[in-house]
Amino acid sequence: MTHYDNLCCLVCTLYYSQHSSIHFYPFLKIGAKFGPTTLISVSSHFLIHMATHHHHSATTKLFLRRQHPKHAFNPTTSFRHHHHHQLPIQITSVDHLHILPRRHHLLPPPCVFNFTGDVSVLQDAGASLLAVAGGYALVSGFDNLTQRQIIQQNLSRKLVHILSGLLYIGCWPIYSTSAEARYIAALVPLLNCVRLLVHGLSLVTSEDLIKSVTRDGKPEELLRGPLYYVLVLILCSIFFWRDSPIGVVSVSMMCGGDGIADIMGRRFGTHKVPYNKHKSWVGSISMFVVGFLISIGMLYYFSQFGYFELDHVLIERVAMVAMLATVVESLPTTGVLDDNISVPLVSIVAAYLSFGFQS
């Protein structure tokens, strides 16, 4: 053998030793003890052995793994410890299996990790951060308009009342399909709930928060209407998630219907309803019309994501829910029951009874 053949023999021996269970260290000991001639001879016999038994070596030195769907980060099998928990696989067809050479990794390959839960949590956390940032930008924007005296304080408060809840449920489709998504989404109003409790109990003082969501500028007002508002959002998030029209309609009536009723009633409400001098015909009619239209608009928005189908039967029953919520809002219960409780609760009950009979 020439020196070139000897070099090739050593290189091939090194390659096979790195891709099999045989290590190159014993060959170095042979060369150190018996000389380079013996090393070349042993390497040659090793290569002949590997070439003769190549098929047997390939089937015994290789490992199997299941073939996964097209999403590499969403394996159907939950792999845990790559080197210690090999799943027993019965070979039924070569088309359903991959035969991969065993390699030495500093870390397990990506396929051994189940990224399903991690990606869902990251997606839900990002959606929640987006909802929080949107709500904060909304409140800050209207506060800025109020400070510049572009709009009045009461109008700014009601616009925040209308838009913040609709913005929140508008973020529902960007959450993942995991079972925990609704609970992660509920953390957004829960964060506001804690904030209202802290400031309402005067543990921390924030004049901007008090001015933006209260009528008279008193901290204790935060523990009434605004607190009920976020509690309803938590309730709808957990029990009436995006695949149910109940939560969408209830939040739409509480935000859009009740909010616009106060705005229109204060500006144009000269003619009062006969059973309540604090409510006007203009306010009640505006609540029904706007609440109904916003509910239909939000239902259409969610139907585009395939959560449910918006048909004429659903539209008729939404009109009935809007009518019942309008009647309840016009009742003389202002000092007894807050509208942020009565309107959404009646909407939930009416929608549950109505949509429950929908085929």
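The table for this structure:
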{"item": "Amide proton proximity set for Lys279, modelled H, under 5 Å, gap of 5+", "result": "Val273"}
{"item": "For the range 300-310, Karplus couplings with θ = phi - 60° (6.51, -1.76, 1.60), whole Hz, Gly/Pro x", "result": "5, 4, 6, 5, 5, 8, x, 6, 7, 9, 8"}
{"item": "Amide H within-cut-off set for Ser176, under 5 Å, with H built and near neighbours excluded", "result": "Asp124"}
{"item": "Solvent exposure ordering (accessible area, 1.4 Å, most first) of Arg266, Arg317, Arg224, Arg242", "result": "Arg266, Arg224, Arg317, Arg242"}
{"item": "Percent accessible area from carbon and sulfur atoms, the range 130-261, protein chains only, probe 1.4 Å", "result": "61 percent"}
{"item": "With all protein chains modelled, accessible area of Trp241 [1.4 Å, Å²]", "result": "20 Å²"}
{"item": "Note, ³J(HN,Hα) from phi for the range 192-208, Karplus 6.51, -1.76, 1.60, rounded to Hz, x at Gly and Pro", "result": "5, 5, 4, 5, 5, 5, 5, 7, x, 8, 6, 6, 9, 10, 9, 5, 5"}
{"item": "Label-point gap, in nm, between Leu353 and Tyr275 - each point 7 angstrom along Cα→Cβ", "result": "1.6 nm"}
{"item": "In order through the range 214-224: 3J(HN,Hα) via Karplus (6.51 cos²θ - 1.76 cosθ + 1.60), integer Hz, x for Gly, Pro", "result": "10, 8, 9, x, 9, x, 5, 5, 5, 8, 10"}
{"item": "Rounded accessible area of Phe355 (nearest 10 Å², 1.4 Å probe)", "result": "20 Å²"}
{"item": "Computed label-point distance, nm, for sites Tyr183 and Phe239 using a 7 Å Cα→Cβ extension", "result": "1.8 nm"}
{"item": "Fraction of alpha-carbon pairs over 15 Å apart in the range 165-270 - percent", "result": "66 percent"}
{"item": "In Å², nearest 10: area of Leu129 left accessible to a 1.4 Å probe", "result": "120 Å²"}
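The values are calculated or read from the model by the stated rules, or taken from the named source; none is laboratory data. These numbers were taken from a predicted model, which means no experiment stands behind them. Cβ atoms come from the backbone with ideal geometry, glycine included; neighbour counts cover every protein chain shown. Heads up: the accessible areas ignore ligands, DNA and RNA and are worked out on the full protein's heavy atoms, side chains in. Shrake-Rupley method; radii C 1.70, N 1.55, O 1.52, S 1.80 Å.
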